[in-house]
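Input: a single structure, listed below in structure tokens.
Each reported figure results from applying straightforward, stated rules to the coordinates on display, with no laboratory input. Everything numeric here is computed off the predicted structure, so don't read it as measured data. Here the Cβ is made from the backbone with ideal geometry for all residues, glycine too, and neighbour counts use every protein chain on show.
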Amino acid sequence: MDTFGEFLLSFNPSQSGFFFMWILTGIAFIAFLVIIERWIGITRRTNVDAAVFVERLLRLIQDKKPEEALALCVAGRKKALPRILGAGIRRGQTVPQLIRSSMEEESLHVIPLLEDGSI
């Protein structure tokens, strides 16, 4: 008999351990639901069309419109990408040498918020 057939047969009440197979199936189903819930939650909190957003942001920066670029990031509210890039733009207006470090610092603040669902 093939492996898949034996696997299905193990759910039959005449097999020893069938009860545990049903328990494992239930646990796997619950784990799958948790994975889906987390994926939907993170997608909702981070869902920004990154390519379009970065393209618009770069265009504004190249046109020397940092205030409008910052306003675009602020319009992204609490989403991760606009927050991180907005920190770089904010710092770039005062100390351009610290753009990267300010973005890294903001990402250190954003990652835990993403993990616990605060964003």
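In order along region 82-88, phi translates into HN-Hα couplings of x, 5, 5, 5, x, 5, x Hz, rounded to whole numbers, per the Karplus curve 6.51 cos²θ - 1.76 cosθ + 1.60 with θ = phi - 60° and x for Gly and Pro. In a DSSP loop and with at most 13 other Cβ atoms within 10 Å, the chymotrypsin sites (Phe, Trp or Tyr not before Pro) in region 1-90 are 11. Note on residue 78: aspartates and glutamates with a C-alpha under 16 Å away, same-chain residues under 8 apart excluded, are 49, 105, 106, 115, 116.
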